[in-house]
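Contents: one structure, followed by commentary.
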Amino acid sequence: MNMKKLLFTICLFLLCIGAQAKREKNVEVLFETTAGNFRVKLFNETPLHRDNFIKLVNEGFYDSLLVHRVVYGFMIQMGDSASRHAKPGDFLGATKPSHTVPAEIRFPQLFHQRGMLSMARQADEVNPERASSGTQFFIVTGRTYMPQELKTMEARVSAATNGEARFTDRVRSAYENYGGAPHLDGQYTVFGQVVDGMRTITDIQMKNTDEYDRPIEDIRIICATVVKEEE
């Protein structure tokens with residue numbers, strides 16, 4: 001390779017690195033709810049989900065929506081537009097999304113450890129590409145697992161992903177010591193993490209729910225705000 005070609009290659013490499021760095025963001029969102037506040041960080045590893053979420057927050061989409069599904073030892077879910085004006089006892093969560101986001105599954109780098117944000121989606125039967133709902137997301141509460149339980153979970157996850165998803169030592173350790181929802185790994189997009197206010201999430205999962213897993217006493221998002229966004 002002559003000197004001109006070498007310099008061109010180096011310049012091209014540096015431009016690519018610079019463009020990638022420019023896309024990196026440090027974004028956090030504060031959720032104020034009637035049950036308390038929590039703050040989340042969005043991952044740069046899932047830029048489509050990150051930017052979609054920022055857009056929704058800036059448009060005020062999540063303001064006044066309900067936490068419409070709570071399953072103890074699993075997760076809390078929100079983001080259904082129908083929940084804004086829902087009456088007591090209404091079934092929520094089945095609203096057709098206005099848009100979807102292509103899957104950005106980054107397992108095992110990102111997995112369903114306690115406190116992670118993951119996007120809801122339609123079932124594989126109608127959504128084989130596992131595209132995410134454009135608006136509905138859940139926060140993992142989960143539980144801890146014994147090693148033998150994780151072996152069973154790993155077999156199920158492997159079968160659901162055609163053998164592509166396998167638990168690493170890091171993943172196993174997190175589920176054994178901190179907890180989460182390992183059965184979702186490799187199948188849903190994890191795109192953020194609670195960085196403050198996990199106590200609020202824990203309190204919410206303790207609430208009484210109806211037959212549809214909806215909290216009997218409404219838990220409403222007062223507002224969601226981007227509180228940190230740095231290039």
Completion exercise
Given the conditions (1) at pLDDT below 95; (2) of a type outside the set (S, T, N, Q); (3) assigned to a helix (DSSP H, G or I), every one holds for residue 48 apart from (1)
Handout entry: Cβ-Cβ under 7 Å pairs, at least 6 apart or on other chains, the range 40-54 side of a type in the set (D, E, K, R), far side buried (at least 23 other Cβ atoms within 10 Å of the Cβ) and part of a strand (DSSP E or B)
Key = 41/192; 50/42; 50/191
Practice task
Please give the number of the condition residue 84 fails out of (1) basic (Lys, Arg); (2) in contact (Cβ under 8 Å) with a residue 24 or more places away in the chain; (3) closer than 30 Å to residue 217 by Cα.
Solution key: (2)
Practice task
Confirm whether residue 171 is farther than 21 Å from residue 81 by Cα and in contact (Cβ under 8 Å) with a residue 60 or more places away in the chain.
Solution key: yes
Practice task
Six or more apart or on different chains, Cβ under 6 Å: which pairs go from a residue in the range 120-141 that's on the phi < 0 side of the Ramachandran plot and among the aromatic types (Phe, Trp, Tyr) to one that's at pLDDT 95 or above and not in a loop (DSSP other than H, G, I, E, B)? Could you list them?
Solution key: 137/117; 137/119; 138/75; 138/77; 138/118
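The values are calculated or read from the model by the stated rules, or taken from the named source; none is laboratory data. Computed from a predicted model, the values in this text were never measured in an experiment. Neighbour counts are summed over all protein chains in view; Cβ atoms, including those assigned to glycine, are modelled from backbone coordinates with ideal geometry.
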